[in-house]
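The values are calculated or read from the model by the stated rules, or taken from the named source; none is laboratory data. All of these numbers come straight from a predicted model, not from anything done at the bench. In this analysis, Cβ positions are derived from the backbone assuming ideal geometry, glycine residues included, and neighbour counts consider all displayed protein chains. Side chains are part of the model used for accessible areas, which takes the heavy atoms of the whole protein and leaves out ligands, DNA and RNA. Shrake-Rupley method; radii C 1.70, N 1.55, O 1.52, S 1.80 Å.
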Amino acid sequence: MRYLHRDDGALLQKFHVYLCGPITGLSFDECSVYYNRIAELLPKWIVPVSPMRGKGYLQGISVLGDTYEGTALASQRGIVSRDFFDVRRVDAVFANFLGAKRVSIGSVFELAWAFQLQKPVVLAMEDSGNIHEHAFVREACAFRLPTLEAAVETLVRVVTPGL
């Protein structure tokens, strides 16, 4: 793959990717493992944007709820506003539904926003049997891969500039 570099080797452009996937019903640690794993797999010129950033105060919670009213970032309005802002400002969306135990309504919203904004979506989801299997999810995602590694590789190829 080719990358856009200056003469001194510095990268000219970084790409931002919103990471989405189930949160409600998982522990803070489970969410952190997923988002950190994706960040480790991405090259340095792709900047992950996590919906869990700045929410360290939720650490230690074993079953996350859908909102935490009284906290700016985790309130109903805070979550929707920031996540929508994030989807608007990134170059692509990476969704992980592998092994999902319950439908992630927030993630499905994020896929719809990305679709409306014509952002490419790369989805990691089993070929069959996932609880998110639905025509809207299939249609909103330009790329669907059955493993996290294959999905990340596809994401990198989608946002890599060059000939």
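Things worth noting here:
- Kirkwood estimate for the chain, i.e. one over the average of 1/r between Cα atoms, Å: 16.4 Å
- Cα-based helix-to-principal-axis angle, 105-116 vs the chain, degrees rounded to 10: 40 degrees
- Inter-part distance where the stretch 76-102 and the stretch 18-67 are each reduced to a Cα centre, Å: 11 Å
- Extension gain from Glu153 to Gln116, taking 0.36 nm per residue of separation minus the Cα-Cα distance: 10.9 nm
- Solvent-accessible area, 1.4 Å probe, carbon plus sulfur percent, for the stretch 43-163: 59 percent
- Theoretical ellipticity at 222 nm over the chain - DSSP helices of four or more residues, -39500 (n - 2.57) apiece, nearest 500: -11000 deg cm²/dmol
- Think of the chain as a dipole: +1 on every Lys or Arg Cβ, -1 on every Asp or Glu Cβ, centred on the Cα centre; then among Ala135, Ala39, Leu98, Ala39 lies furthest on the positive end.
- Between helix 148-159 and the chain: long-axis angle, C-alpha atoms, 0 to 90°, nearest 10: 50 degrees
- Burial ranking of peptide ranges 150-162, 56-68 (average Cβ count within 10 Å, highest at the top): 150-162, 56-68
- One decimal place: the segment Arg138-Ile61 gains 24.5 nm when fully extended, by the rule 0.36 nm per residue minus the C-alpha distance.
- Proximal aspartates and glutamates relative to Lys55, as straight alpha-carbon distance under 17 Å, when same-chain residues fewer than 8 apart are discounted: Asp29, Glu30, Asp66, Glu69, Asp83, Asp86
- Once the C-beta distance of Glu126 and Thr160 is scaled by a Förster radius of 22 Å, the resulting FRET efficiency is 0.25 to the nearest 0.05.
- Counting 0.36 nm for each residue step from Glu30 to Lys101 and taking away their Cα separation leaves a gain of 24.3 nm.
- Heavy atoms of the protein chains alone define the surface here; on that basis the chain has 56 Å² accessible area per residue at 1.4 Å probe size.
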